[in-house]
Amino acid sequence: MLKLSTKLLLSAGLFIFVAGCGGSEGPALVPASGKVLLDGEPVAGALVRFVPGSGPSSGCDTNDQGEFTLIGPGNRPGSIVGTHTVTVGCAYNPGQGSSADGSTEAPAEGAGCKVPLKYSDVSTSGVTVDVPDEGKTDFVIALTSE
C-alpha cells in the first residue's frame, strides 16, 4: 500500500499536469473573425466552424452581413493558432441532423441559407485557413454554389 506522502505527491503531480494542459481556462486563443461569401454575396445565418488538425474547434453564426467572430472553448472569443479546415452550414441541414431549435423538421422551401451541403462537412469542405500567432480579423471565406 502506498504511503500517504507518496499519494500526496502523485496527486500534486497530476494536478500540475492537468493545469499545464490548459486548466479551466483552456488553450490560448487569438482573435479570429471575418466574412462568409457565397458567389460573392454575404451569407447570413450560417454556422461557421474552424476545425484544427488537433485541438478544439471554434465556431459561431454569421450576422446579416455574413460577418463572424469565432467563439472557442470556454465561450471565449477566438481560435487556436494553426491550420484549420473551415466548415459552413445552414441552421437546418439534413446532413447535420436538426434545425437550430432542436427539431428535425426542415424549414419551408426557400427559407434559410443556400450554402451547399459539401461545405458543412470537414471531410468535403475543401476550405482551409491559417490562423497566425497574432490572430486575424479579416478572413474572407469565399464559397461557390457549384
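The values are calculated or read from the model by the stated rules, or taken from the named source; none is laboratory data. None of the values given here were measured: they were computed from a predicted structure. When we count neighbours, we look across all protein chains shown, and the Cβ atoms used for this are built from the backbone with ideal geometry, even at glycine.
Which number in (1) over 17 Å from Ala142 (Cα atoms); (2) in contact (Cβ under 8 Å) with a residue 40 or more places away in the chain; (3) surrounded by fewer than 17 Cβ atoms within 10 Å (Cβ to Cβ) marks the one condition that Gly53 misses?
With (1) over 17 Å from Ala142 (Cα atoms); (2) in contact (Cβ under 8 Å) with a residue 40 or more places away in the chain; (3) surrounded by fewer than 17 Cβ atoms within 10 Å (Cβ to Cβ) applied to Gly53, the lone miss is (2).
Tell me, yes or no, whether the range 40-54 has at least one residue that is among the polar types (S, T, N, Q) and part of a loop (DSSP other than H, G, I, E, B).
There is at least one residue in the range 40-54 that is among the polar types (S, T, N, Q) and part of a loop (DSSP other than H, G, I, E, B).
Just to be sure I understand, how many residues within the range 123-132 are surrounded by 13 or more Cβ atoms within 10 Å (Cβ to Cβ) and of a type outside the set (Ser, Thr, Tyr)?
3
Would a scan of the range 37-58 turn up a residue that is at pLDDT below 95 and among the β-branched types (Val, Ile, Thr)?
yes
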